[in-house]
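The values are calculated or read from the model by the stated rules, or taken from the named source; none is laboratory data. Not measured: the values here are computed from a predicted model. Note that each Cβ is placed from the backbone with ideal geometry, even for glycine, and that neighbours are counted across all protein chains shown.
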Amino acid sequence: MASTRRRRSTRRRRRAIAWTASIVGVLVAVVLAGLPVYVFPPAATVERADVVQVLGPALDARLERARELVAAGMADHILVSVPPPGRPASDLGICDEALYTCVVPDPYTTDGETIVLEQYARTHDVQSAIVLTDTAHVSRARAIYAKCYPGVATVLEVRGERTLLAWALEYAYQTAAFVKAFVTPCAETPPQPSAF
């Protein structure tokens, strides 16, 4: 009787260890697969462009990198995505400066930001753009711009600090957003630019 209980207990422990090992194995595989996509996206070659586009949210580090690129002669103007009025960062002081054009993308998504750039390009004789975004967003932004933007857009990362928990959340969010980007068509560009 006691030996039967011991055997059952041993089997349960082995199953628990096998399940735990499987879950850990899957997590390790996901983390490793995501490293070149979310954490260390391939670097892009930076060449002179007509405009720098800062994807939302327009964080200080992205705006600073955009200013550095303009100061280095890599572009002449900065196009900034801002959220709708009433949301944080919707009223940036820089939007009144001549160097910047601030626009609320419609829809307020990366796809909507390709529309903003396309409309701006049509009215400002823009042939190429440098697009700045967060490290974890670079690969997805490149895929969306390649799919939805007809011009030349070089997407660059602006690295920020993150905790392990923040990286885990970013993995989940970006993966879900990648799936959405692959299964949905590009948003339609209105025939007439409204923001410029």
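Of note:
- Residue match in segment 81-95 (condition: at pLDDT 90 or above and either surrounded by 12 or more Cβ atoms within 10 Å (Cβ to Cβ) or among the polar types (S, T, N, Q) (or both)): yes
- Within segment 99-113, considering residues that are among the hydroxyl-bearing types (Ser, Thr, Tyr) and in a loop (DSSP other than H, G, I, E, B), the one surrounded by the fewest Cβ atoms within 10 Å (Cβ to Cβ): 108
- One residue alone among 62, 48 is surrounded by 14 or more Cβ atoms within 10 Å (Cβ to Cβ) and basic (Lys, Arg), and that residue is 62.
- Search result, residues across segment 146-162 that are at pLDDT 90 or above and out of contact with any Ser or Thr (no Cβ under 6 Å at 6 or more places or on another chain): 146, 147, 150, 151, 153, 154, 155, 156, 158
- Test result for residue 85, free of Cβ contacts under 8 Å to residues at least 24 places away in the same chain, in a loop (DSSP other than H, G, I, E, B), in the same structural domain as residue 153 (by TED's automatic domain parsing) and not acidic (Asp, Glu): yes
- Some residue of segment 50-65 being touching a strand residue (DSSP E or B) at 6+ places or on another chain (Cβ under 9 Å), free of Cβ contacts under 8 Å to residues at least 24 places away in the same chain and over 25 Å from residue 173 (Cα atoms): yes
- Answer residue from segment 139-162, given it is over 20 Å from residue 40 (Cβ atoms) and out of contact with any strand residue (DSSP E or B) (no Cβ under 9 Å at 6 or more places or on another chain) and is surrounded by the most Cβ atoms within 10 Å (Cβ to Cβ) among those: 148
For every residue, the table says whether it meets (1) in contact with a His (Cβ under 6 Å, 6 or more places away or on another chain); (2) closer than 25 Å to residue 49 by Cβ; (3) of a type outside the set (Val, Ile, Thr).
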residue	(1), (2), (3)
129	no, yes, yes
135	no, yes, no
142	no, yes, yes
178	no, no, yes
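- Of all residues in segment 119-134, those satisfying the criterion of being surrounded by fewer than 18 Cβ atoms within 10 Å (Cβ to Cβ) and in a helix (DSSP H, G or I) are 122, 123, 124.
- Of all residues in segment 26-34, one or more are free of Cβ contacts under 8 Å to residues at least 12 places away in the same chain, part of a helix (DSSP H, G or I), surrounded by 11 or more Cβ atoms within 10 Å (Cβ to Cβ) and not assigned by TED's automatic domain parsing to the domain that holds residue 152.
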